[in-house]
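**Q** I am attaching a structure below and will ask some questions about it afterwards.
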Amino acid sequence: MAGRFLYEKENSLMSLFAVITGASSGLGAEFARQLAAQGYELLLVARRADRMQALADTMPTRCEIFPADLSRTEECDRLVQALEWRRVDLFVNNAGFGACGPFSSIDLDRELNMLEVNVRAVHILTKRMVQKMQRQGSGALLNVGSSAGLLPAGPYMATYYATKSYVVSLSRAVAAELRAAGSPVYVGCLCPGPVDTEFNAVAQVQFALPGISAADCVRCALAGIRHRKTIIVPGRWMAAAMALSRLVPVGALIRLTARQQKRKLNG
Ligand SMILES: NC(=O)c1ccc[n+]([C@@H]2O[C@H](COP(=O)([O-])OP(=O)(O)OC[C@H]3O[C@@H](n4cnc5c(N)ncnc54)[C@H](OP(=O)(O)O)[C@@H]3O)[C@@H](O)[C@H]2O)c1
């Protein structure tokens, strides 16, 4: 125990430290670049070690990589263990992917893997990191949800929308509990619309709407964290669309979403 306090005391003199999952491409890699530019030391987590190492080699601050498949519980546990004695100032739960098509034709194993990454890993890491930050007496955790998670349902991308609803709901509830307890620990949820990353290639779709850049999305996310916003929707148009969507009856909103999703399938 004493060793632990000594370690934390020593560590408080060190740079801020952030952990980013899904850091081998897209938003995760951009979080890494912008946080390193702010002086954060980093731990990058994803499966593709070569991609993370190439990114780490360009960083101006200390940057380590932690290759892991977060669809596996034991890999989430291994990450938590590796962080046991390390103070984590910011944890970005960003790893995730989507799949597009009619519900009955998407491969079940692919969907179950999506649930493991988008829901189970996010759940495990949110719980373990919030507990850790409560012990530390401070810290911030950002879950990367999606504007999909703010909508009632997403036909032709049903499972992905459902996973992101889970992330939004969980983040909102945990944030409310922390606020009610007067906790210094922050939990927020980033809910972007389309962003130009490798997401499309993985989901095998074309966006129906133009995407914003990963750099703009991450700048907005980091500003949202500074302002302790629980739900962060990057981009003025997307924020306005999400606010307006609350005025539209649920049935009509689902039909509208279905139309957008079908356009993606048609390229
Ligand atoms: N792009 C968009 O339009 C958009 C919009 C809203 C929300 N989002 C969300 O933003 C997050 C980041 O996506 P992105 O757009 O940046 O897409 P991306 O470029 O495809 O990045 C996804 C990241 O997740 C990692 N990942 C996937 N499965 C993993 C696993 N089993 N274990 C560990 N890491 C895994 C990938 O790394 P490896 O393949 O190397 O493991 C990759 O680094 C996702 O949660 C996505 O749902 C994206």
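**Q** Among the residues of segment 62-93, write down those that are outside any loop (DSSP other than H, G, I, E, B), more than 11 Å from the ligand (Cβ to nearest atom) and either touching a residue at least 12 places away in the same chain (Cβ under 8 Å) or in contact with a Pro (Cβ under 6 Å, 6 or more places away or on another chain) (or both).
**A** If the condition is that a residue be outside any loop (DSSP other than H, G, I, E, B), more than 11 Å from the ligand (Cβ to nearest atom) and either touching a residue at least 12 places away in the same chain (Cβ under 8 Å) or in contact with a Pro (Cβ under 6 Å, 6 or more places away or on another chain) (or both), then Cys63, Glu64, Thr73, Asp77, Val80, Ala82, Leu90, Phe91 are the ones that fit.
**Q** Which residue is surrounded by the fewest Cβ atoms within 10 Å (Cβ to Cβ), if the candidates are limited to segment 21-46 and must be within 13 Å of the ligand (Cβ to nearest atom) and assigned to a helix (DSSP H, G or I)?
**A** Residue satisfying both the conditions and the ranking: Arg33.
**Q** Given the conditions (1) in a loop (DSSP other than H, G, I, E, B); (2) near the ligand (Cβ under 10 Å from one of its atoms); (3) closer than 13 Å to Ile20 by Cβ, report the number of the one that Met59 does not fulfil.
**A** Looking at each condition in turn, Met59 falls short on (2).
**Q** Name the single residue, out of those in segment 210-267 being open to solvent by 60 Å² or more (accessible area, probe 1.4 Å) and on the phi > 0 side of the Ramachandran plot, that is modelled with the lowest pLDDT.
**A** The residue in question is Gly267.
**Q** Any chance you could count how many residues in segment 210-231 are in a strand (DSSP E or B) and in contact (Cβ under 8 Å) with a residue 60 or more places away in the chain?
**A** Residues that pass the stated criteria total 1.
**Q** Given the criteria polar (S, T, N, Q), under 28 Å from Ala240 (Cα atoms) and either more than 15 Å from the ligand (Cβ to nearest atom) or crowded, with 17+ Cβ neighbours inside 10 Å (or both), does Ser138 qualify?
**A** It is false that Ser138 is polar (S, T, N, Q), under 28 Å from Ala240 (Cα atoms) and either more than 15 Å from the ligand (Cβ to nearest atom) or crowded, with 17+ Cβ neighbours inside 10 Å (or both).
**Q** So which residues in segment 80-97 are buried (at least 19 other Cβ atoms within 10 Å of the Cβ) and among the polar types (S, T, N, Q), if there are any at all?
**A** Selection gives Asn93, Asn94.
**Q** For Tyr156, indicate whether it is over 23 Å from Ser25 (Cα atoms), more than 15 Å from the chain's Cα centre (by Cα), of a type in the set (Ser, Thr, Tyr) and within 16 Å of the ligand (Cβ to nearest atom).
**A** yes
The values are calculated or read from the model by the stated rules, or taken from the named source; none is laboratory data. For clarity, every value in this text was computed on a predicted model and none was experimentally measured. With ideal geometry, Cβ positions are generated from the backbone for all residues, glycine too; neighbour counts draw on all protein chains shown. What goes into the accessible areas is simple: the full protein's heavy atoms, side chains included, and nothing from ligands, DNA or RNA. Shrake-Rupley method; radii C 1.70, N 1.55, O 1.52, S 1.80 Å.
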